[in-house]
Structure formats: C-alpha cells, structure tokens
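Since the structure comes first, as structure tokens, the remarks are kept for the end.
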Amino acid sequence: MTEPTTTGPTTTGPITTGPTTTGPITGEQHALIAGPYQAVVTEAGAALRELTHEGRPLVLAHGAGENAPAASGQLLAPWPNRLDRGRYAYGGATHRLDVSDPDHDCAIHGLVRWAPWRAVLREPDRVRLRHRLLGTAGYPFRLDLDVEYALSEERGLTVRLTASNRGDATAPYGHGAHPYLTVGVPIDACTVTFLADRYLPVGPRKLPSGPPLDVTGTDRDLRTGPLLGDRLIDNTFTGLARDGDGRSTVTLAGAGRAVALWSDEAHPWTQIYTAEEAAEPRAGLAVEPMTCPPNAFVSGEDVIELAPGAVFTGTWGIHAVAP
C-alpha cells in the first residue's frame, strides 16, 4: 500500500509580505537646505537628484519616481567609466564582471549606483549614507562606502566619498560621480572653462585609443572659456590646473548664470560629456570627477591599491558663481 505524501498545511489565503507602505522607486528622499541652496539625495545609489540655488537648477533633476536617466547624479564605484568587456586581471586571478553597457561591450560605472544606501546621519544641511559592498563573482572584495552630502550657504554643495576595505585581500578601487551641470538653457549657448592640458582619445567603443593628447589647437581646448556651440565631447581630461586649495574647476556659464564643479587632488581625471545620448540631449553638461581613467582595471593606471583596513577619500562640490 502506498502511503500518502504530505507536503505541509493546505490552508489557502492571501500571502502577506510585510508592511504595505509604498513610496517612490528611488527610495527615501533626503532633502537638504542651507541659505539659498537646496538639494535632494536618494536612497537609490545615494544619487544627487536635485540641486538648486535661489530656486534655479544647478544640475539636471529627475523625478523621485524615475530611475536616474543616463547615470544622472549617480556615484560610480568601485570603478568609474568603462571597463573593456568587463574583464580584468588582479591578484593573480582573472575576473569577469557583467557587461552592463552591451552597446559597447563594456562594464560601466561600477556596482553601487542602483543599490540602496542607508542613512547613518541626517541634519537639515547634510546627510551621510552608507553601503556595504560585498563580494561578487567579478569583484571578490568587501568595501564599506560612505558618502556625505553637505550644503553651506557660502560654499554650496560638498560631497565626500570614502571607501574602507573591510575584507582580507587588497582590492582594486576607483570612483567617480556623474552630475549634469545646467544653467537652464541648452549647453550649445553656454561657455565652458576648464584648465585641462590633455585629453584621452577614444575609439568607437568609447575606450581610450592611445595616450593623452595635448588639447592645443583642438575643439577639446576649453582653457579660454569658449562657446560650446556644436562641439561633441565625450572624453576624459587630465593635466588639470589647480588653485591654492588643490582644486580643479569646470565652469558652465550662460543666460546670465554660472555654475562650477570643483574636485580635489584625489581626482586627477575629469570626464566631459555633451550628452548627445541623454534623455534630454545637450540640456546639461556631464562633468565627472574621477580617481582613474576609463579601463583602469585593465591598464592599471591610477588604480588605488586598497589594502585590508585601508581608507581612501575623495571630495568634490558644486556651487553657483557670478557669471
């Protein structure tokens, strides 16, 4: 005689999955204010969703219920920009990451820009968020990432991103950020001032095709503050001039307004992208401070060797300036 098979209770009814509270897909919204500046940072990716001065935008914004378009305002770690076919060798092993930019057969912009970041400090003018990056097949390392967004009535926005290696092996590391600067008009009608002497040429897959080139005599020369016009730029710049505080600055000006993004010496590279493929083409100028160039995990250039227990910090910011 065959015994009946038991599979557990047969009670039917609605499935409960926890609290029914709903909210935007970008998670918790952290609103900041200091004098004429206001900002919103999202739980998703710890992204800068809005930044205004006297009610006027300094970066392209997106809705709380909208995924960040074209990486708008996102943090890029543990590498910025593109990585050829998502493959690299490190620590005696070959690693393979997901190809997140299939159009160019590359892994792009790291692993944390869609991840939830938990607020560990909140005040009216600043928020600090944390994400624990645990190992994956393509990045078998463990990092704690902390970012603080702080507003000042005098200095505008300051962003400080810190990586701490909490694993037991040295990790390759780099980071960047992806805000789009705006003064409220198309960038074709704006001037751009950027004291950078060299730029990386790129091939059709947007990867470096050779060593940095002199900007002199090219449409990549932004040192004199030219009208952007119809220039098509999607290049990484280096050879950055710095002020007495060690800051490199990019200034976008037009329509009687100007906005500047500065980055500290932890960021020897800056990507400039005129946003032809963005949701709103050429509505804003992507200015991306980076600790290393594209494809750095393959080339090894400026990759940070983050030993167990080591900490690395980079700082950048955005503020309104007199035109």
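The values are calculated or read from the model by the stated rules, or taken from the named source; none is laboratory data. Every value quoted in this text rests on a predicted model; they were computed, and no experiment measured them. All Cβ positions, glycine included, derive from the backbone under ideal geometry; neighbour counts span all protein chains shown. What goes into the accessible areas is simple: the full protein's heavy atoms, side chains included, and nothing from ligands, DNA or RNA. Shrake-Rupley method; radii C 1.70, N 1.55, O 1.52, S 1.80 Å.
Just for strands (runs of 3 or more DSSP E) wholly inside segment 84-141: which have at least 1 residues that are among the small types (Gly, Ala, Ser)?
87-90, 93-96, 106-108, 118-123
With the structure loaded, tell me whether Arg231 is part of a loop (DSSP other than H, G, I, E, B) and in contact with an Asp or Glu (Cβ under 6 Å, 6 or more places away or on another chain) or whether it fails that test. Judged against the criteria, Arg231 is a match.
Taking the criterion of being open to solvent by 10 Å² or more (accessible area, probe 1.4 Å), farther than 26 Å from Thr224 by Cβ and in a loop (DSSP other than H, G, I, E, B), the residues of segment 159-206 that qualify are Arg166, Gly167, Asp168, Ala169, Thr170, Gly203, Pro204, Arg205, Lys206.
Taking segment 111-145, which residues are free of Cβ contacts under 8 Å to residues at least 24 places away in the same chain, out of contact with any Lys or Arg (no Cβ under 6 Å at 6 or more places or on another chain) and either surrounded by 13 or more Cβ atoms within 10 Å (Cβ to Cβ) or of a type in the set (Phe, Trp, Tyr) (or both)? If the condition is that a residue be free of Cβ contacts under 8 Å to residues at least 24 places away in the same chain, out of contact with any Lys or Arg (no Cβ under 6 Å at 6 or more places or on another chain) and either surrounded by 13 or more Cβ atoms within 10 Å (Cβ to Cβ) or of a type in the set (Phe, Trp, Tyr) (or both), then Arg128 is the only one that fits.
Here is a check on your reading of the model: is Thr270 under 27 Å from Leu60 (Cα atoms), of a type in the set (Ser, Thr, Tyr) and without any contact (Cβ under 8 Å) to a residue 60 or more places away in the chain? So Thr270 fails the test.
A quick yes/no check of all residues on (1) open to solvent by 40 Å² or more (accessible area, probe 1.4 Å); (2) in contact with a strand residue (DSSP E or B) (Cβ under 9 Å, 6 or more places away or on another chain); (3) under 28 Å from Val259 (Cα atoms):
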residue: Thr21; (1), (2), (3): yes, no, no
residue: Thr52; (1), (2), (3): no, yes, yes
residue: Pro80; (1), (2), (3): no, yes, yes
residue: Ser100; (1), (2), (3): yes, yes, no
residue: His109; (1), (2), (3): no, yes, yes
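Please specify each residue of segment 27-50 satisfying the condition of being of a type in the set (S, T, N, Q) and surrounded by fewer than 22 Cβ atoms within 10 Å (Cβ to Cβ). Correct list: Gln29, Gln38. Here Glu277 fulfils each of the conditions (1) over 28 Å from Tyr173 (Cβ atoms); (2) not in a strand (DSSP E or B) apart from (1). Is at least one residue of segment 290-301 in a strand (DSSP E or B) and open to solvent by less than 10 Å² (accessible area, probe 1.4 Å)? Yes, segment 290-301 has at least one match. Considering every residue within segment 48-64, establish whether at least one is touching a residue at least 60 places away in the same chain (Cβ under 8 Å), among the hydroxyl-bearing types (Ser, Thr, Tyr) and out of contact with any helix residue (DSSP H, G or I) (no Cβ under 6 Å at 6 or more places or on another chain). No: zero hits. When the residues of segment 272-287 are narrowed to those that are of a type outside the set (Lys, Arg) and open to solvent by 10 Å² or more (accessible area, probe 1.4 Å), which ends up farthest from Gly229 (Cα to Cα)? Residue satisfying both the conditions and the ranking: Ala279. Taken as a whole, the structure leaves Arg247 outside the set of residues that are more than 20 Å from His319 (Cβ to Cβ), of a type in the set (D, E, K, R) and either open to solvent by less than 20 Å² (accessible area, probe 1.4 Å) or out of contact with any helix residue (DSSP H, G or I) (no Cβ under 8 Å at 6 or more places or on another chain) (or both).
Only one of the numbered conditions (1) assigned to a loop (DSSP other than H, G, I, E, B); (2) at pLDDT 95 or above; (3) polar (S, T, N, Q) is not met by Thr2, and that is (2).
Given Gly239, Gly217, which one is over 21 Å from Thr291 (Cα atoms) and among the small types (Gly, Ala, Ser)?
From the options Gly239, Gly217, the qualifying one is Gly217.
Evaluated against (1) out of contact with any Leu (no Cβ under 9 Å at 6 or more places or on another chain); (2) closer than 27 Å to Ser164 by Cα; (3) crowded, with 18+ Cβ neighbours inside 10 Å; (4) among the small types (Gly, Ala, Ser), Ala253 falls short on exactly one condition, (2).
The residue pairs whose first member lies in segment 300-313 and is touching a residue at least 24 places away in the same chain (Cβ under 8 Å) and at positive phi, whose second member is open to solvent by less than 60 Å² (accessible area, probe 1.4 Å) and part of a loop (DSSP other than H, G, I, E, B), and whose beta carbons are closer than 6 Å, counting only pairs six or more residues apart or on different chains, are Asp302/Cys292.
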